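The values are calculated or read from the model by the stated rules, or taken from the named source; none is laboratory data. Just so we're clear, the structure is a prediction, and the values are computed from it rather than from any experiment. Quick reminder, even Gly has a Cβ in these numbers, built from the backbone with ideal geometry, and neighbours come from all protein chains shown.
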């Protein structure tokens, strides 16, 4: 009997061993291992993101251009769908049966118990058509959200569009705060000012039970943040001017950029071919986007910022200013119109001084001007002399904001090209090129490219007699002013007096009487002096591009403009009257010029699209 | 019959009664917390809700169960202690009969036909099989002597022990049947060969290892160990070669038999429970869900817990069966490691006290019964808490005195208070 009593200790030991194992295990999972706490929070905490109201976009006169409007998504919870009359359902939604099947399959694959969108972006009328009948289809419901809508048919390229964030964007750290399915500005102002427009998202933490049903705020909402509505953008666009510009450009290829030279504000920004901003919103947006993308006319191409053309004769003005600043010519300098190396477009009076040369756009004159500013005998080696001369010339040209990005408030801006000596070294070999290689730069042809925006900015610079403000679209964000970088004056390397000596010639281009190349841009009958310059850009792809750049009134400039019409021939006959109509519209508020309007937008305007 | 209430009161073991009361009280608090819902505050006894409305709440029904348990206690201690001895076999016979008819008259509930319905009350005869079998085997134990290795006696004892669980398995209530394995501890105390416990433990270890480790490794390692032992001790080898070879053969057979046992003997849901124990990510939405959520609930409690009624995992239904089999999750989540430690200490105190009471019995009947009580409570404690923290397979048995439910409360109350009744009269035994 005695030895059996010892067995009680064995039983005790077994009990204690289990208790010790439990205590240790509990200490590990409850105190040492923090992962269970995280898992518990993951279980019960649901993060609800409140997307704030996106900022509106206004024109310079306070007219709303872009606003928000409710759109509706038809949601489906696959498990709750019962005895679906798919024929009637498809008829109601005007949805092909095949599409319904694939969408339902996708929804089932996502989750049988959670709602997923079946048809997105239904408009209010579309909703009204189905709402009453929805009660016959259990499992389907409507979810409202805000989407962009447009109060204008114009300005699509500048406004840009808003779309769902793509998986590629989501991986970038900049977009860390976005969730799949979130919207964001993809191009244009919507993209550039995304941070201001979107506002700040609010986050609410809710506790949910195992079936995902809400059980109240987490810790009385002490971690919740309120959403803050996005800020409105007040653009400098004059939507009436914009609309008129798009009317003029309809059916053509090219761009119009109009600036207020006193501030750098962009008044009009036309890129043709055109499209309406509302195309890239709402139901079927994806398909329409692909149509635009695949259109051979490339309507999505933002021409004023991205198309770089040789500037043609307009560039003679910059050349002249650089030469004046270098002191190699004066306004009284005369050259022969000698047709030696470059031909002139037409026979004209001898360019006895600068004004006559500008008025007639004399090629030989400006060839000799540039020759004087590049070849200055800095080196006895003619190759080296050309290199040194071109480098100095380029430095001064670039002070006009050419050959580099201006810094407009829109991404995708192109730099253009002002060639450096190194550029030609690479092209031809070191000391294998001289001035004869680069002479076409003197008349804005050859290895040179500038954008429509840059050309308008050159006009604003001349209008200001020597400085410019970075062109920009937005003059006010919310209650505040424009971004600080847009109130800084950029001064060129050319002194003010040299600009003054250029202006009589530019006025003569328009109102110089017989032989004036830009006479069609005259607003003299309204007493407005226009200073401008025509350009006809040879291009290897076919018909010349027509350009005209101008500002007005000449002595108190309120608008600077650059018009570029691709393959439209001589600048004086199409681009100049278009610029004039735009300036008249802006300066007088209305246009009374049926002759030029009819010429530009009346019958037979297909002459402006000459395909190569 | 007790000669006077005062004498009776002196002879009852008040330590056990106190532990019982404390555990019942804490259990009720946790049942209340588990059935508490923040958006429909459970009202309360004085909220003006009707009886029928209150009957929706487990915490209210548990009050009724506790009340009836108190009545039961009075009955149990008032009955002459000798009746338990005398009528042990009669009760056993009646119980066997009830277990046999139960599957035929019970409606299936959750896949098993083991619940009898008497009006609004649902009872599980398997719960009462525990104390009745304990009484019967104790009675039988008192009449034999295990140490004498009488094969016939051992066979009868094994039959008495195995018949109820076999009938319970037939009613598809395997968890309750497993509890009867706990009686082995009591038999061990009374002289059963320790080899049986060792072999069973070794078998369990081998089975689990066979599921965890590649079989050939296991066979190789075991052969090496066995070979090593004999290589160092050639004398033993000479004397025990047949034994060594047969042990080796049995182990190899078990290792390779595991798959057969696993796939052909176990039912699919039982197989899953063992798979989940080894790998919780198997069956993540089924049994694995229960285990994972249970561990999350307990683990998120931290050192001191989230506070009474503040548990989120249990309250928002992430843990299934939260007021019955998984009541320990509520303890762990709301009271933290301190709370779970207190519960474990309370069980240790109760088990230690029951063993103490058992050891002071002068009769084999009383002592064996005491050990049966301790073993059954221990088995529930080990398996129930073990399953909530992923150390034991999910077996649907309650945590004594904590889990919600009338049958189990009555069952454990009866187990304990029969022991206390026997204990209260042990001095009379001396006199007799």
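Descriptive notes on the structure:
- Filtering the range B:291-349 to residues that are over 23 Å from the mean Cα position of the chain (by Cα) and more than 17 Å from residue A:37 (Cβ to Cβ) leaves B:308, B:309, B:317.
- Every condition in (1) over 21 Å from the mean Cα position of the chain (by Cα); (2) in a loop (DSSP other than H, G, I, E, B); (3) buried (at least 21 other Cβ atoms within 10 Å of the Cβ) holds for residue A:26 except the one numbered (2).
- On inspection, residue A:568 does not qualify as closer than 25 Å to residue A:249 by Cβ, at pLDDT 90 or above and within 26 Å of the chain's Cα centre (by Cα).
- The residues of the range B:178-195 that are surrounded by fewer than 21 Cβ atoms within 10 Å (Cβ to Cβ) and either away from chain A (no Cβ under 14 Å) or on the phi < 0 side of the Ramachandran plot (or both), listed by number, are B:178, B:181, B:184, B:192, B:193, B:194, B:195.
- Flag if residue B:255 is at pLDDT 75 or above, crowded, with 19+ Cβ neighbours inside 10 Å and either away from chain A (no Cβ under 14 Å) or closer than 23 Å to residue B:169 by Cα (or both): yes
A quick yes/no check of all residues on (1) touching a strand residue (DSSP E or B) at 6+ places or on another chain (Cβ under 8 Å); (2) buried (at least 24 other Cβ atoms within 10 Å of the Cβ); (3) more than 23 Å from residue A:7 (Cβ to Cβ):
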site	(1), (2), (3)
B:338	no, no, yes
B:362	no, no, no
B:369	no, yes, no
B:374	no, yes, no
B:386	no, no, yes
B:401	no, yes, yes
B:412	no, yes, yes
B:416	no, yes, no
B:425	no, no, yes
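- Set A:320, A:297, A:332: member being exposed (fewer than 14 other Cβ atoms within 10 Å of the Cβ), closer than 28 Å to residue A:259 by Cβ and out of contact with any strand residue (DSSP E or B) (no Cβ under 6 Å at 6 or more places or on another chain): A:297
- Among the residues making up the range A:230-240, a single one is outside any loop (DSSP other than H, G, I, E, B), touching a helix residue (DSSP H, G or I) at 6+ places or on another chain (Cβ under 8 Å) and surrounded by fewer than 24 Cβ atoms within 10 Å (Cβ to Cβ): A:240.
- Among the conditions (1) within 14 Å of chain A (Cβ to nearest Cβ); (2) assigned to a helix (DSSP H, G or I); (3) out of contact with any helix residue (DSSP H, G or I) (no Cβ under 9 Å at 6 or more places or on another chain), the only one that residue B:243 does not satisfy is (1).
- Tally of residues being without any contact (Cβ under 8 Å) to a residue 24 or more places away in the chain and either under 19 Å from the mean Cα position of the chain (by Cα) or not in a helix (DSSP H, G or I) (or both) across the range B:166-204: 8
- A single member of B:408, B:375 is in a helix (DSSP H, G or I), touching a residue at least 40 places away in the same chain (Cβ under 8 Å), under 13 Å from the mean Cα position of the chain (by Cα) and more than 23 Å from residue B:35 (Cβ to Cβ), and it is B:375.
- Hits in the range A:1-51 - residues which are out of contact with any helix residue (DSSP H, G or I) (no Cβ under 7 Å at 6 or more places or on another chain), more than 7 Å from chain B (Cβ to nearest Cβ) and in contact (Cβ under 8 Å) with a residue 24 or more places away in the chain: A:46, A:47, A:48, A:49, A:50, A:51
- Checked against (1) exposed (fewer than 13 other Cβ atoms within 10 Å of the Cβ); (2) outside any loop (DSSP other than H, G, I, E, B); (3) more than 12 Å from every other protein chain (Cβ to nearest Cβ), residue A:67 meets all criteria but (1).
Rundown of residues vs (1) assigned to a strand (DSSP E or B); (2) surrounded by fewer than 18 Cβ atoms within 10 Å (Cβ to Cβ), yes/no style:
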| position | (1), (2) |
| --- | --- |
| A:105 | no, yes |
| A:118 | yes, no |
| A:138 | no, yes |
| A:143 | yes, yes |
| A:149 | yes, yes |
| A:153 | no, yes |
| A:157 | no, no |
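- When the residues of the range B:340-353 are filtered to those that are in contact with a helix residue (DSSP H, G or I) (Cβ under 7 Å, 6 or more places away or on another chain) and more than 10 Å from chain A (Cβ to nearest Cβ), the one that is surrounded by the most Cβ atoms within 10 Å (Cβ to Cβ) is B:350.
- Given (1) surrounded by fewer than 20 Cβ atoms within 10 Å (Cβ to Cβ); (2) outside the structural domain of residue A:258 (by TED's automatic domain parsing); (3) closer than 22 Å to residue A:548 by Cα, index of the condition residue A:346 fails: (2)
- So residue A:84, is it farther than 27 Å from residue A:111 by Cα, more than 9 Å from every other protein chain (Cβ to nearest Cβ) and free of Cβ contacts under 8 Å to residues at least 60 places away in the same chain: no
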